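Shown next, in structure tokens, is the structure this report addresses.
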Amino acid sequence: MITDKNLAKIDAKTTLVGLLATPVGHSVSPEMHNLGYTINGLNYAYLGFDVGPENLKEAVEGMKAMGAAGFNISMPNKIDVIQYLDELDDSAKYAHASNTVVNRDGKLIGYNTDGLGYVKNLEEHGVQIEGKKITLVGSGGVSTPIAIQLVQSGIKEISILARDDKFFPKAEENVAYINNEMKHFGVKANIFPLEDKEAFRKEISESAVLANATSLGMKPMDEMSILDGVTDALREDLVVTDVVYNPEKTKLLAQAEAAGATAINGLGMVLWQGALAYKLFTGEDMPMEEIKKIMFDKTL
């Protein structure tokens, strides 16, 4: 229990951590990290800063100059921030994007905890993916690190489906990167337009996991689902995951449950990617169970 005796207090020795994103007001990261600091008795403070691409360079330089332990990066800055960093961990290098930056003795090192957060959430739900085929829907900022991490986590094959729009080439790039630059992992990658319903049905039928890495299902698109028109492809031994966690049960997950499939929302991924970043910033484990109980019990 948190009391006045162990409540985190800001003083001249407090270490700064931040989030650079726009819009930033909806993020749960400041509350989650600060609660973790309070529970663990760490003299850190996590603040959100509304920063877009036009002033990202100055913000990154400012965080470095102020001696911040590090900072998270969210949309739309995950790709642009790469050019302002000194070094990239493999997680960010493979994903071509960084969501976590650590200031190590004045050197800014970029990481990406999104993909590993997704995989950790699967593991926590008892989902085994080694040697399995995964169907992933999406071409945006979160789909790439998920795809890259899945490849590194021992899957056999991945099929990426994306809307046939201006972002489709990004999904094609991801598939080409997996098949060529990451071929040493031995994973076969395929690409299909999401509009090809027959191909979508076939890929779902051959996969152990169907993963939605789009914002479809989040308000104001909560009446929509990637499965609209292909719900007949669902089956009981399929695992369906969503990166969306608000609402708790998207239309996609409701459709999965109705068919008897296993449905997993995006809250666990948010917690895990935050916990991985917390560890990088502080060297300590985030008190996840206590944070779940205090912040998310009504959602979980």
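State all residues of segment 231-245 that are open to solvent by less than 60 Å² (accessible area, probe 1.4 Å) and modelled with pLDDT of 95 or more; if no residue qualifies, say none.
Within segment 231-245, 233, 234, 238, 239, 240, 241, 242 meet the criteria.
Looking only at segment 194-206, decide whether some residue is among the aliphatic types (A, V, I, L, M), at pLDDT 95 or above and touching a helix residue (DSSP H, G or I) at 6+ places or on another chain (Cβ under 9 Å).
yes
Could you run through segment 203-250 and say how many residues are in a helix (DSSP H, G or I) and either β-branched (Val, Ile, Thr) or closer than 23 Å to residue 114 by Cα (or both)?
So the count comes out to 2.
Conditions (1) in a loop (DSSP other than H, G, I, E, B); (2) open to solvent by 30 Å² or more (accessible area, probe 1.4 Å), marked per residue:
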residue: 34; (1), (2): no, yes
residue: 48; (1), (2): no, yes
residue: 56; (1), (2): no, no
residue: 61; (1), (2): no, yes
residue: 76; (1), (2): yes, yes
residue: 82; (1), (2): no, yes
residue: 97; (1), (2): yes, no
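Criterion first (modelled with pLDDT under 95 and either over 19 Å from the mean Cα position of the chain (by Cα) or basic (Lys, Arg) (or both)) does residue 50 satisfy it?
Answer is no for this residue.
Are there any pairs with C-beta distances below 9 angstrom linking a residue in segment 109-125 that is among the basic types (Lys, Arg) to a residue that is part of a helix (DSSP H, G or I), with the two at least 6 apart or on different chains, and if so which?
Close Cβ pairs (under 9 Å, with a partner that is part of a helix (DSSP H, G or I)) amount to 120/268; 120/269; 120/271; 120/272; 120/273; 120/275; 120/276.
Let me confirm something: among 120, 107, 132, 78, which residue is under 28 Å from residue 15 (Cβ atoms), modelled with pLDDT of 95 or more and touching an Asp or Glu at 6+ places or on another chain (Cβ under 9 Å)? It would help to see each step written out before you state the result.
Working: 120 fails: touching an Asp or Glu at 6+ places or on another chain (Cβ under 9 Å); 132 fails: under 28 Å from residue 15 (Cβ atoms); 78 fails: modelled with pLDDT of 95 or more.
The unique qualifying residue is 107.
Taking segment 246-300 as the search range and keeping residues that are in contact with an Asp or Glu (Cβ under 8 Å, 6 or more places away or on another chain) and among the aromatic types (Phe, Trp, Tyr), which one is most open to solvent (accessible area, probe 1.4 Å)?
272
Taking segment 146-187 on its own, how many of its residues are of a type in the set (A, V, I, L, M), in contact with a Gly (Cβ under 9 Å, 6 or more places away or on another chain) and surrounded by fewer than 17 Cβ atoms within 10 Å (Cβ to Cβ)?
The number of residues fulfilling the criteria is 0.
Considering every residue within segment 169-187, establish whether at least one is under 20 Å from residue 78 (Cβ atoms) and assigned to a strand (DSSP E or B).
no
The values are calculated or read from the model by the stated rules, or taken from the named source; none is laboratory data. Because the structure is predicted, anything quoted here is derived from the model rather than measured. For neighbour counting, all protein chains shown are included, and Cβ atoms are generated from backbone atoms with ideal geometry for every residue, glycine included. Surface areas here come from the heavy atoms of the whole protein model, side chains and all, with no ligands, DNA or RNA. Shrake-Rupley method; radii C 1.70, N 1.55, O 1.52, S 1.80 Å.
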